[in-house]
Amino acid sequence: MFHKFDLGGVTHELWLAPTVNGYHLHILDGWSGPVAFAEEAAGHGSLTVAGTSKAVAFAVDGDVIHIHMRGRTRSLRYVDPLRALASVDGDDGHNVARAPMPGTVVALKVVPGDAVTAGTVLVVIESMKLETQIRASQDGIVERLHVKDGDSFDRDAILVTLSQGN
Amino acid sequence: MQRIVSLTDTRAQEFRTNDVHNRRLAAELRERQQAARFARPERDLERLRRQNKMFVRDRIQALLDPGTPFLELSTLAGNKAYDNEVPGAAQVVGIGIVSGREVIVHADDASVKGGAWYPLSVKKIVRALDVAIENRLPVVHLCDSAGGFLPLQAEFFADRYYAGRIFRNQSILSKMGVPQVAVVMGHCTAGGAYVPALSDYNIIVRGTGAIFLAGPPLVKAATGEEVSVEELGGADMHTSVSGTGDYFASSEMHALAIARDIVARFNRIPKAAVDHVAPEPPAYDPSELYGIIPKDPRVQFDMREIVARLADGSRFHEYQPRYGETLVCGFARLHGYQIGILANNGVLFSDSALKGAHFIQLCDKNRTPLLFLQNITGFMVGREYERRGITKDGAKLIMAVSGAAVPKLTVNCNGSYGAGTYGMSGRAFDPRFMFTWPQSQISVMGAEQAAGVLTDIKAKQLARNGERLSEPQLAAIREPILEDYRERSSAYYATSELWDDGILDPVDTRNALAIALSAALNAPIEAPHYGVFRM
Amino acid sequence: MAAISFPFETVLIANRGEIAVRIIGSLRKLGLRAAIVYHEVDAATPAVALADVAFKISGRTPVSAYLDAEQIVTAARTVGAGALHPGYGFLSENAGFARAVTAAGIAFIGPSPEAIELMGDKIRARNFVERNGFPVAPSAIEESDPSTFLARARSVGAPLLVKPSAGGGGKGMRIVRDLDLLEDAVAQARSEGQRYFGDGRLYIERYVEKPRHIEVQVLGDAFGNVVHLFERECSVQRRFQKIIEETPSPALSAQMRQRICETAAGIARAAGYRNAGTVEFIFGGGEFYFLEMNTRLQVEHPVTEMITGVDLVAEQIAIAANRPLSFRQPDISAQGHAIEARLYAESPERGFSPTSGKVLMLDYPHEQGVRVDSGIAQGQSITTAFDPMLAKVIVHAPTRDAAVAKAIRAVKDVVLLGCETNAAFLARVLADAGFRSGEVHTGYLDENPTIASGIDGDPDEVTGLLAVAALVTRPVRDAADAVPALHAAIGDWRN
């Protein structure tokens, strides 16, 4: 089973192979060759790819690895196979509306118990100085509001849970 | 250790002829293996897709650590049986690396007859578990079998080494502290239900995995009870109610990820301590084996030329080079591990047998695993040799081979006949692994001699009735016998019947032996002790 | 300006983030005490840590706390502040607040409430400027008669710019090219104006195609002295939000520069303007029109400071302390070229959506001639409660080319891990051929969307990233280390 990293929404599969002289990186359908990383101080190190070295600053936050290299900062997420594969369709008849971006709640348009149809505006959020309407993706009953007026939230936060109306 | 100086002339006509011939044999082997692994009727593959199941090869690929080898065993089991309709005997078995651990993978191939167990399937599974026991290798079972193939039940159910042996071996493994994980990816019914049940850990895949002693139709017939597969033995029920299942998996990939995580928890048992140094590739190109192995199997060749293309640095410390010259003995290294090699350079005489028995005892004392390279027509026969005790000297060699506590590996490089098979650690002598090369033959005697003997008997019977056979009539009797004999002494027949662990392309031999040897060293090596040597 | 005495000892900063840190810097230099108000989400920010005294305020949302004039005046009284610096944004251009501060006996470091009122209302400001003989954009109209507003808007003709009368900073602004969409745009702008500024009145003017945004920094004291400190060009914008600013503008000839700067000073003089201020112009087709005047310190003020050597915040404080300007126009000269790049917590690659996270590592460039005005510190959480600007990277070099090169180096050297920023995008803009040749306008980024989306086609970069990620991720490394040496050496082999 390959290791998976998500970089900007693209999943890359790879593995490391130990060799007598360190590690070989194998990127599935991509580059492979010798790699080395020497951590010189906390969060700072030198990456050597196929004999060429460059300075790297990095920080690890859970499964997310933030890397500054060659004047750019990127973040990768290690996709833990046990977690990623565990719940392919684990919503159990529930449907949630998630925040497409971080922001604050401007207005709640529904209350628990409301029957909604796909497309009904559930919440109005403000982000990037603009208002965005969060709509129901399917018909259902509002089961729970996870935010209140004025709350701020991160990307992918659950805003509203709908249950499937019978 | 001295480097072997190869005397092979790679520009000679003979070399080139052999090379063409043996490369063709290797290509044929690859083709047959490829077919056994992948050629399936479209309807079977379509059924797997419909059931949302992965092909067995993809399951194994996902289970293994990427970038690591998989030594598949008995790929061509069953290739001469059941009209060649049960490729691989519907089983995939091999040694691979899962979460850094050497394990035996045993997988039902549901693309072949729904993964039904045929007699040779049972034999292959039992052998896989024997390998696990002998070498203390953890086992990952990927279960997806329709159950035993009932029309042939008499050939796989009742006897000592039949299906019951699978569950006995599983129990013994557990008793030895060698863990097993079963991933239930299809129905495990009746006997098959015990594979996950007797595994220390098991995982059931939601929807497709189920475990029960009797499936819904049999339950209805027996008790009238109507019950669904899920209710009767599905993942949810077994992991939350019965406790027959340990882990609930959302998908096959999830199950394999859990299996990998379980294997990652296994203790690493230190390997048997044998002498080891940094490995070194052979100094001679192993692909030259193609030019060295004679096209005509009756042509003698120097086994040192083979050793030069298997051993680290082509270095070989030959023992008693001037005595018993038809059995070459000596020390070499394989991927850094010291091994003792016994290789045939002709028929076994008393002195060769004595030298071999002595060398085996040396290696056993030394904790040096043994490699037998067979090319043996047998022990020398005749009055003179019997008077010199060829039989008792052969008995010494067989006694030493049988009693050696160090792991033995055997490769049939060309031919293995009669008592020579015994003296050179044939299958019956429990070498940990036994491989063959494509053109090799194995039988009690050579095909020509056997056909001759049989034709002679037939002719004598007829002569007693006053009949006399013309040469064409004799040929008509001899040819079918010869043909049948050749067929049944071929490497393909031997491997079909699981007389070995698989046919190797000669260039793969070094890696296969290294993986096998590494696996063998998982079991501790007992102190040397033997039966009575007839002096 | 060393060793002058002030009629106050403590200055309350009614702001947050980088500008609060910036103001504290000047207060320190002047020997004054820095007090600050803060909402609890900002408790761990450098501004609060650096201030001599910090006063906690609250509100329904963090932003509303900083907009609460009453709490802030109470805070100023409580900490004994003799003056109050509003920074930019929030209450900085709120005349009522300036009055309340003054009424509390606290010096407001800003213009008179009347000047704020005059310039804060775009329609009044425009009329004032026009009346005094300075150029204004054609066909601008005022919502004096709501019933005919739409009809009059239509008569201006497309393209139009709709903006809230009380607005600023690009909030609620919309371009209308198709008059059929005018009604919708008006409704949306009104709703946003109402929410952001509590004032739904709108203002419409002819939109200049490919316009450049050029503004002039002015300073006026209480004695009628007004000087300008040259222009800044802020044409690199996204949705009317400035991203990169520079001075001098590459678009102006010497004569045009003189004309535009003198016009700005003239407007300020006509308004009797006191404090630092910025007169903004639209420049296009060889002409410039008055856009608006910002009666406060601008975000991009540091580029002016870099080329003139004037500390604008210190000058603001001196002016508020009723001191005359210490220099006259001829005393002010510009040296070299300065560029500012704004570091935002946003993802240009994902449509500029805001980002959040915890600052796990923060390291700014150290090169000489590089100044970083930052309001964040390592360990701090970045939320979307406020404007996403985190810091400004300002460079100064003898020539524009050298400044551009230095700016590229500087933004690439910003190490901020834990919250995605626009740093790579800034580098792309600075390296863009159009920017380098000075051929930009306020719509430039919209016309060149690939600058924002980025080109993620560098496989070497991806390889490097994956290599680091693999080598620092324990499960990946552990899996590699677990493979027995023999099997690793044999590799991906099948028999």
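The values are calculated or read from the model by the stated rules, or taken from the named source; none is laboratory data. Since we're looking at a predicted model, the values are computed, not measured. All Cβ positions, even for glycine, are placed from backbone atoms using ideal geometry, and neighbour counts span all protein chains on display.
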* Regarding C:V404, is this residue more than 14 Å from chain A (Cβ to nearest Cβ), part of a helix (DSSP H, G or I), touching a Leu at 6+ places or on another chain (Cβ under 9 Å) and modelled with pLDDT of 95 or more? -> yes
* Can we say C:E349 is buried (at least 17 other Cβ atoms within 10 Å of the Cβ), facing chain A (nearest Cβ under 8 Å) and part of a loop (DSSP other than H, G, I, E, B)? -> no
* To do: For region B:150-188, name all the residues that are within 17 Å of B:A107 (Cα to Cα) and either aliphatic (A, V, I, L, M) or touching a strand residue (DSSP E or B) at 6+ places or on another chain (Cβ under 6 Å) (or both).
  => B:A163, B:I166, B:Q180, B:V181, B:A182, B:V183, B:V184, B:M185, B:H187, B:C188
* Any residue at all in region C:19-33 that is surrounded by 19 or more Cβ atoms within 10 Å (Cβ to Cβ) and either among the polar types (S, T, N, Q) or at pLDDT below 95 (or both)? -> yes
* To do: Taking C:V370 as meeting all but one of (1) under 18 Å from C:S353 (Cβ atoms); (2) in contact with a helix residue (DSSP H, G or I) (Cβ under 7 Å, 6 or more places away or on another chain); (3) at pLDDT 95 or above, write down the number of the exception.
  => (1)
* **Extreme residue, farthest from C:A338 (Cα to Cα), among residues of region C:427-440 that are within 14 Å of another protein chain (Cβ to nearest Cβ) and surrounded by 19 or more Cβ atoms within 10 Å (Cβ to Cβ)** => C:R428
* Just checking, which of B:L310, B:L327, B:L342, B:L409 is among the hydrophobic types (A, V, I, L, M, F, W, C) and over 22 Å from B:A491 (Cβ atoms)? -> B:L327
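Would you check if A:D80 is within 14 Å of chain C (Cβ to nearest Cβ) and in contact with a Pro (Cβ under 8 Å, 6 or more places away or on another chain)?
When the stated conditions are applied, A:D80 passes them.
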* Asked: Do any helices (runs of 4 or more DSSP H) lying entirely in region B:6-82 carry at least 2 residues that are in contact with a Pro (Cβ under 9 Å, 6 or more places away or on another chain), within 27 Å of B:P438 (Cα to Cα) and aliphatic (A, V, I, L, M), and which ones are they?
  -> B:13-38
* To do: Being buried (at least 17 other Cβ atoms within 10 Å of the Cβ) and more than 20 Å from B:D109 (Cα to Cα) is the filter here, so list the residues in region B:199-214 that pass it.
  => B:D200, B:Y201
* Structure fact -> The number of residues in region B:488-534 that are over 24 Å from C:W493 (Cα atoms) and either of a type in the set (S, T, Y) or out of contact with any helix residue (DSSP H, G or I) (no Cβ under 8 Å at 6 or more places or on another chain) (or both) is 10
* Is it the case that some residue within region A:58-69 is more than 8 Å from chain C (Cβ to nearest Cβ), aliphatic (A, V, I, L, M), part of a strand (DSSP E or B) and within 22 Å of the chain's Cα centre (by Cα)? -> yes
* Can you name the residue in region A:113-159 that is in a strand (DSSP E or B) and among the small types (G, A, S) and is also farthest from C:R190 (Cα to Cα) among such residues? -> A:G140
* Structure fact -> The condition from (1) over 22 Å from C:P459 (Cβ atoms); (2) touching a Phe, Trp or Tyr at 6+ places or on another chain (Cβ under 8 Å); (3) not hydroxyl-bearing (S, T, Y) that A:L82 misses is numbered (2)
* Applying the selection to region B:481-516, what residues are away from chain C (no Cβ under 14 Å) and either in contact with a Lys or Arg (Cβ under 9 Å, 6 or more places away or on another chain) or modelled with pLDDT of 95 or more (or both)? -> B:I481, B:E487, B:R488, B:S490, B:A491, B:Y492, B:Y493, B:A494, B:S496, B:E497, B:L498, B:W499
* Of all residues in region C:200-215, count the ones that are within 15 Å of C:Y444 (Cβ to Cβ), touching a helix residue (DSSP H, G or I) at 6+ places or on another chain (Cβ under 9 Å) and surrounded by fewer than 24 Cβ atoms within 10 Å (Cβ to Cβ). => 1
* Asked: When you go through (1) without any contact (Cβ under 8 Å) to a residue 24 or more places away in the chain; (2) under 27 Å from A:M101 (Cβ atoms); (3) more than 10 Å from chain A (Cβ to nearest Cβ); (4) surrounded by fewer than 16 Cβ atoms within 10 Å (Cβ to Cβ) one by one for C:S381, which number turns out not to apply?
  -> (1)
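One residue is enough: does region A:27-34 have a residue meeting the conditions touching a helix residue (DSSP H, G or I) at 6+ places or on another chain (Cβ under 9 Å), in a strand (DSSP E or B) and more than 21 Å from C:D363 (Cα to Cα)? It would help to see each step written out before you state the result.
Within region A:27-34, the first condition is being touching a helix residue (DSSP H, G or I) at 6+ places or on another chain (Cβ under 9 Å), and the residues that meet it are A:27, A:30-31, A:33.
Checking which are in a strand (DSSP E or B) leaves us with A:27, A:33.
Checking which are more than 21 Å from C:D363 (Cα to Cα) leaves us with A:27, A:33.
Yes; the residues of region A:27-34 include at least one that is touching a helix residue (DSSP H, G or I) at 6+ places or on another chain (Cβ under 9 Å), in a strand (DSSP E or B) and more than 21 Å from C:D363 (Cα to Cα).
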* Is it fair to say B:L310 is closer than 22 Å to C:L486 by Cα and buried (at least 23 other Cβ atoms within 10 Å of the Cβ)? -> yes
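Having 3 or more residues that are under 16 Å from A:P18 (Cα atoms) and more than 14 Å from chain B (Cβ to nearest Cβ) is the bar; report the helices (runs of 4 or more DSSP H) wholly within region C:441-488 that clear it.
Output list reads C:459-472.
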* To do: Go through (1) part of a helix (DSSP H, G or I); (2) more than 7 Å from chain A (Cβ to nearest Cβ); (3) under 16 Å from A:G8 (Cα atoms) one by one and return the number of the condition C:A424 breaks.
  => (2)
* If we keep just the residues of region B:90-105 that are within 15 Å of the chain's Cα centre (by Cα), crowded, with 24+ Cβ neighbours inside 10 Å and not hydrophobic (A, V, I, L, M, F, W, C), which is nearest to B:V56 (Cα to Cα)? -> B:Q91
* **Residue under evaluation A:A50, criteria (1) within 12 Å of chain C (Cβ to nearest Cβ); (2) out of contact with any Pro (no Cβ under 7 Å at 6 or more places or on another chain), criterion not met** => (2)
